[in-house]
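Notes for the one structure printed next.
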Amino acid sequence: GLAKAYQERARLNNELIDMKGRIRVFARVRPMVGDAENGATPAVHVPNPGEVSVMLPAKAKLGGSSATGKLRPQTFAVDQALDAKCGQQVVYAEVAPLVHASLDGYNSCVIAYGQTGAGKTFTMEGVEGDRGVVWLAMNTLFARASEAAADLTYTFEVSILEVYNDTLRDLGVLETKPLGPGEQRQTLDVRLLPDGTTHVAGLSRHKVANTLDVAKLLRRAMSVRAQGATNINERSSRSHLVLTVHIACVPSHNVGRARVTKSKLVLVDLAGSERLGKSGSTGERLLEAQHINRSLSLLGSCISALRAKSRRVSRRAASLSNQPATDDSHIPFRDCRLTFVLSDSLGGDSKTLLLLHCAPTLAHSQESACTLAFGVRARGVSLGPATRQVSAAAKNSPYNISLPKPAGSPPLR
Ligand code: ADP
Ligand code: MG
């Protein structure tokens, strides 16, 4: 019953992918985990596959001292809502079309968003015996490459980048010597190439041919990330992780004019979206919180601006068929390194999936509501002041970036 309904919805979503402007916003509610949540009342529900409902403490009356203890539900519309019963395979079924698109030469991007503990890493990496998006996607890539081997030869190279306090660090190479006092870790920078793609200078790429290669690389990334961090879990909740699969495809029988496609599949595990800076944060924590808030807010601005833009373009294409369906509005990609790195995976002809994550308990329902509100804003549904601010900010941006072209030549048919 339910599984069938989800399958049907996945099919419809895929058909609608172009009409919806190639950016879709999903929500996943994780199950109760651990002893602390044992027997807790669930506060986040999925009443239907297009909505998530969150129980929130009713606002205290004016002059009242605290919350009244009453709860009221608030509902958020998403492209697809996945409840706690949906396992990794159900989530991956939604991601798979993007993985296939990346093999066909399109840039694709999957972004996990949510507060710390909401299940982002579970979705992206998963656990031993219940693997997540990264593994399932790599399996798809390897399987399709071997199916196509008679006609097409695919090569896959993986790079792993950490974005921390607006600096970039390569997690693909082990640092050989420990840092001396006052010494800085080597950071990388990102630039825009003439062909419209972004390039992180010096970021290592590692050829992978099977999941064993991927496992080795991920293990190394974990240990590099842990270097200099007092607590690896803390570090991972304060930094963004960007795993890029560079996909190249050439005909297996090279007959002169070989056409090559190059594309990227980008899988992002974002820093925790909880508001660390609410009160009392000072020093390093405050700086981290400011960088996280700014980068996530800019990411939301870019996504909503892209969505609005693609809607304008498709409206124009539908109504004025002999006018070019172009739109040269600017997206504020360059305002931080996270969005700059992702710009060629978000813009142009690429497909993007934003996966919102919610913890199920009442204790976290306010953060869950913030996460879902971010998603709603990213969908560009609300046309309130926030959206107008976005375009004003884009207009006033010192950078004048038009949408990057998709990487490489048109996909092979
Ligand atoms: P985040 O990366 O957002 O901080 P995690 O992915 O680390 O959160 O999840 C927190 C805990 O909840 C982990 O122990 C993880 O294994 C567990 N968990 C998260 N999502 C699920 C899920 N869908 N099913 C089962 N356990 C989950
Ligand atoms: Mg995590």
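Does segment 199-310 come out rounded, prolate or oblate, given a ≥ b ≥ c as the square roots of the eigenvalues of its C-alpha gyration tensor, rounded meaning a/c under 1.5 and, failing that, prolate meaning a/b above b/c? Oblate, because a/c is 1.5 or more while a/b does not exceed b/c.
When ranked by the protection proxy of mean other Cβ atoms within 10 Å per residue, highest first, what sequence do the peptides 122-129, 367-374, 107-114 form? The partial results should precede the final answer.
Working: 122-129: 16.0, 367-374: 22.4, 107-114: 26.5.
Ranking, from highest mean packing down: 107-114, 367-374, 122-129.
Computed extension length for Ala36-Asp104: 19.9 nm, one decimal, from 0.36 nm per residue of separation with the Cα-Cα distance subtracted. Annotation: amide H-H contacts under 5 Å for Ala27 (H modelled 1.01 Å from N, sequence separation of 5 or more, or interchain): Gln80, Ala81, Leu82, Leu356. For segment 155-171, the Karplus equation 6.51 cos²θ - 1.76 cosθ + 1.60, evaluated at θ = phi - 60°, returns couplings of 10, 10, 10, 10, 10, 10, 10, 10, 10, 10, 6, 6, 10, 10, 9, 7, 9 Hz by residue, with Gly and Pro reported as x. What is the distance, in nm, between label points placed 7 Å from the Cα along the Cα-to-Cβ direction at Gln290 and at Asn165? About 1.1 nm separates the two model spin labels.
Here, each number is a calculation from the coordinates, and none is a lab measurement. As the structure is a computational prediction, the values presented were derived from the model and not from experiment. Note that we place each Cβ from the backbone using ideal geometry, even for glycine, and neighbour counts take in every protein chain shown.
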